[in-house]
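Working notes, structure below.
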Amino acid sequence: MSGRGDGLVTIPARSGKATFVRKGDRIRVINTHGAQVVDTWAFNREELTEFMSMEHTRAHALTVFPTTGTTMRTNKRRPILTFLEDTSGGIHDTLIAACDRYRYELLGCAGYHDNCTDNLRKGLQELGLTPPETPSPLNLFMNIPLTPKGGISFEAPVSTPGSYVTLRAEMDLVIAFSACPQDVLPINGVDCKPTEAHFLPLGA
Ligand SMILES: [Zn+2]
């Protein structure tokens, strides 16, 4: 991958992919088909136990809905990613854990079901890395509306085909994506059909 903008990378449907991003470089995450949730993690490249944290970010950003201008923070409260652009409608989730085998077992799926937790592990494995744990992800394009009384529900994304977010790395990091394989609930669109998505390294 060149990192100069000519290296569109596929996040295959139901699968994961990770890459290194240098401090100051940008990366664009594209909702190619419009309704795909992309679970996103970022780890300090030098020390993987420091990672993007939803709970620490919410304390500083003072919102549960990050969008253009929001800086995401690590579990050491340092900036790690900033939203520079968001053409997707600004609906992303910071509340819901990554799906895992237990989630699908509880939903009644028989046998193995692809899941974002395993996709994180496989994505990092391709880079020779092991995640220290599964941090709560930044769920790009995921639509979890919050009612005034604090209720939540799982809804289809509001994003459209080709819409994207552009993120800037605030430290040398490794970023991992999972095209969420959820096909029981309609979070990847009302037809419950997970698709691929893409990312594009853009340089500084
Ligand atoms: Zn998932």
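Quick note: the coordinates plus some simple rules give every number you see, no bench work behind them. Owing to the predicted nature of the structure, the values given are computational and were not obtained by experimental measurement. Virtual Cβ from ideal backbone geometry, glycine too; neighbours counted across all protein chains shown.
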Quick check: from the Cα gyration tensor, does the range 28-76 come out rounded (a/c under 1.5), prolate or oblate?
oblate
For the range 70-159, what does the alpha-carbon gyration tensor say about shape, rounded, prolate or oblate, given a ≥ b ≥ c as the root eigenvalues, a/c under 1.5 as rounded, and a/b over b/c as prolate?
oblate
Cα-Cα longer than 31 Å, checked against 122/193; 76/193; 17/76, kept in input order, equals 76/193
Residue by residue through the range 114-127, what is 3J(HN,Hα) from phi via Karplus (6.51 cos²θ - 1.76 cosθ + 1.60, θ = phi - 60°)? Round to whole Hz and write x for glycine and proline.
3, 8, 5, 4, 5, 5, 4, 4, 5, x, 5, 4, 4, 9
List the GluC sites (Glu not before Pro) within the range 96-204 that DSSP assigns to loop and that have no more than 12 neighbouring Cβ atoms inside 10 Å.
126, 133
With equal scatterers on the alpha carbons only and no solvent term, can you work out the Debye log10 of I(q)/I(0) for the chain at 0.11 1/Å?
-0.44
Along the range 159-169, what does the Karplus equation 6.51 cos²θ - 1.76 cosθ + 1.60 (θ = phi - 60°) give for ³J(HN,Hα), rounded to whole Hz, x for Gly and Pro?
5, 10, x, x, 6, 7, 10, 10, 10, 10, 6
The answer for chymotrypsin sites (Phe, Trp or Tyr not before Pro) in the range 39-135 that fall in a DSSP coil and have at most 15 neighbouring Cβ atoms within 10 Å is 112
What's the FRET efficiency of residue 22 with residue 100 using the Cβ-Cβ distance as r and R₀ = 25 Å, to the nearest 0.05?
0.25
Summed over the other residues with a beta carbon less than 13 angstrom from that of residue 56, with K and R at +1 and D and E at -1, the charge totals +3
Size of the dipole of the range 1-154 about the Cα centre, Lys and Arg at +1 and Asp and Glu at -1 on the beta carbon, nothing else charged, in debye to 20?
300 debye
For residue 70, what residues show an amide H to amide H distance below 5 Å, using hydrogens built from the backbone and excluding near sequence neighbours?
83
Under a 5 Å amide H to amide H cut-off, with H placed in plane at 1.01 Å, what residues pair with residue 143 once short-range neighbours are removed?
155
With +1 at each Lys and Arg Cβ and -1 at each Asp and Glu Cβ, the charge dipole magnitude of the range 97-158 around its Cα centre, to the nearest 20 debye, comes out at 140 debye
Return the calculated 222 nm mean residue ellipticity for the chain, to the nearest 500 deg cm²/dmol, obtained by summing -39500 (n - 2.57) across DSSP H runs with n ≥ 4 and dividing by the residue count.
-3000 deg cm²/dmol
Sequence order, the range 184-191: Karplus ³J(HN,Hα) from phi using 6.51 cos²θ - 1.76 cosθ + 1.60, θ = phi - 60°, Hz rounded, Gly and Pro as x, gives 9, 9, x, 6, 9, x, 5, 8
